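Input: a single structure, listed below in structure tokens.
What follows is calculated from the coordinates using simple rules that are stated; it is not laboratory data. Small disclaimer: the values here were computed from a predicted structure and weren't measured. Ideal geometry is used to build each Cβ from the backbone, glycine not excepted, and the neighbour counts take in all protein chains shown.
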Amino acid sequence: GSPALKAGIQAGDVIVAWDGHEVDNPTTLSRLVATTPIDSKVQVVIWRESKELTLEVIVGRRPAQLGR
């Protein structure tokens, strides 16, 4: 039920761009996601099976934030 799963991101996918910003490592991705407002729709470019795909993700809350 995670936002990534709902958007179609699968285990093994490599995220190469988040909302127009290049993702070169996990820290960059974490920072980009953390600064994106909840419920925003963003374009995510992934690399899967030697192909580049663009998916739309609706940003949700992290599980630790759900009770707040």
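Details
- Applying the criteria of a DSSP loop state and at most 15 other Cβ atoms within 10 Å to the GluC sites (Glu not before Pro) of the chain yields Glu49.
- Asp13-Asp39 FRET efficiency (beta carbon distance; Förster radius 30 Å; 0.05 resolution): 0.85
- Structure-derived log10 I(q)/I(0) by the Debye sum over Cα atoms at q = 0.12, 0.21, 0.22, 0.28 Å⁻¹ - corresponding label in (1) -0.38, -0.88, -0.94, -1.32; (2) -0.38, -0.80, -0.84, -1.14; (3) -0.29, -0.90, -0.98, -1.47: (3)
- Label-to-label distance, Arg61 versus Thr27, with points set 7 angstrom from Cα along the beta-carbon direction: 2.9 nm.
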